[in-house]
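Only one structure is covered here, and it is reproduced in the block below.
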Amino acid sequence: GDSVTQTEGLVTLTEGLPVMLNCTYQTIYSNPFLFWYVHYLNESPRLLLKSSTDNKRTEHQGFHATLHKSSSSFHLQKSSAQLSDSALYYCALRDNTGANTGKLTFGHGTILRVHP
Amino acid sequence: AQTIHQWPVAEIKAVGSPLSLGCTIKGKSSPNLYWYWQATGGTLQQLFYSITVGQVESVVQLNLSASRPKDDQFILSTEKLLLSHSGFYLCAWGTGVSYEQYFGPGTRLTVL
C-alpha cells in the first residue's frame, strides 16, 4: 500500500535559518498527489501546500515544495524560519485508486521548533 | 461558508465506559467525511472515512466504530473504552475531486 516517510521527528532551528522538512513516499501510481498540512498548537490542522506536476514548485505563505517523481520526494522548504513557524508538519499522499474517497496517507509528522 | 463542529470539546471517561463523539458539517452538500486520531505525542492517524450516508470504511482498527446517519453528521463510538483510546480526535471533510481536507476543532479524550 501507499506510505509516506518523514525522517525527522523534531527539527530545531534558530530564527532566520533555512527550513527543510523531508518527505518521501511510496506508491504504485504514476501520478502521485502530495500535501503538506500544518498543525499549530491549539488549532486544527490545515492545508499548507499541495503538489503540482512533476518538478514544478508550489508556494504558499513563504513555504515551497517541489514534487520530484524521480526521487519520490516532496520536501518542504522555507528560506528563513520565523518563530511563528513552530508547529507540527504532516506530509500526506492522496489515495489514487480512483475510488474518489479522498483518503490520505499521512507521514508521522515533523515538529518544527524555531527559537530566537 | 462551510463550518465544522465537533462535540464534546473534551471528555474524561472511565475504562470500560461507552463513548460517542459527534461531528457536523454545515454549508457543504454530500461531503466526504473522515475521523482522525492523534495519541498524545503521537502522529495523526486516519480511522474512518465515509463518502455517502450509511457507508463507512475503516482504515485502522482501534476497537472503535463510526456511523454516518445523516449527510452532514459523522459519529465515532465504542461500547467499551480502553486506556489506549485517550488522545485527540479530529473530524474532517473534503471533496473527492480536490482531496483537500478541512479539519474540525477536535475533541480531547482522556480515559482513566
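FYI, it's all coordinate maths here, none of it is from the lab. Computed from a predicted structure; not experimentally measured. Neighbour counts run over all protein chains shown; Cβ positions are idealised from the backbone, glycine included.
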Worksheet entry | Cβ neighbours within 10 Å from other chains - mean over A:30-41 | 1
Worksheet item: What's the local net charge at A:Thr66, with K and R +1, D and E -1, over the other residues with C-beta under 15 Å away?
Response: +3
Discussion item. Out of the GluC sites (Glu not before Pro) in the stretch B:19-112, which ones are loop residues according to DSSP with at most 12 other C-beta atoms within 10 Å?
Written reply: B:Glu79
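Using a Förster distance of 35 Å, how high is the FRET efficiency between B:Val15 and A:Lys56, based on the Cβ-Cβ distance and rounded to 0.05? Walk me through the numbers before you get to the answer.
Values: r = 50 Å, r/R0 = 1.44.
For R0 = 35 Å, the calculated efficiency reads 0.10.
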Practice prompt. Output the pairs from B:Lys13/B:Lys80; B:Lys28/B:Lys70; A:Lys56/A:Lys103; A:Lys103/B:Lys80; A:Lys50/A:Lys78; B:Lys13/B:Lys70 with a Cα-Cα distance over 21 Å in this structure; if there are none, say none.
Written response: A:Lys56/A:Lys103; A:Lys103/B:Lys80; B:Lys13/B:Lys70
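Calculate how large, on average over all directions, the projected area of the Cα convex hull of chain A is; give the answer in nm² to one decimal. Show your work: numbers first, answer last.
On the way: hull surface 28.3 nm².
That works out to 7.1 nm², a quarter of the Cα hull's surface.
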Discussion item. Starting from the 7 Å offset along Cα-to-Cβ, what nm value, one decimal, do you get for the label separation of B:Glu57 and A:Ser70?
Written reply: 3.4 nm
Discussion item. Need one value for A:11-19: mean number of C-beta atoms belonging to other chains within 10 Å of its residues' C-beta atoms.
Written reply: 0
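Please report, in debye to the nearest 20, how large the charge dipole of the protein assembly as shown is about its Cα centre when each Lys and Arg carries +1 at its beta carbon and each Asp and Glu carries -1 there. Walk me through the numbers before you get to the answer.
Details: 16 positive and 14 negative charges, 31 e Å.
It comes to approximately 160 debye.
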Worksheet item: Taking the Cα centre of chain A as the origin, how large is its charge dipole in debye, to the nearest 20, when only Lys and Arg (+1) and Asp and Glu (-1) carry charge on their Cβ atoms?
Response: 200 debye
Worksheet entry | Percent RCO, i.e. relative contact order, over chain A, from Cα pairs under 8 Å lying at least 6 residues apart | 36 percent
Worksheet item: Can you pull the mean other chain C-beta count within 10 Å for peptide A:104-113?
Response: 3
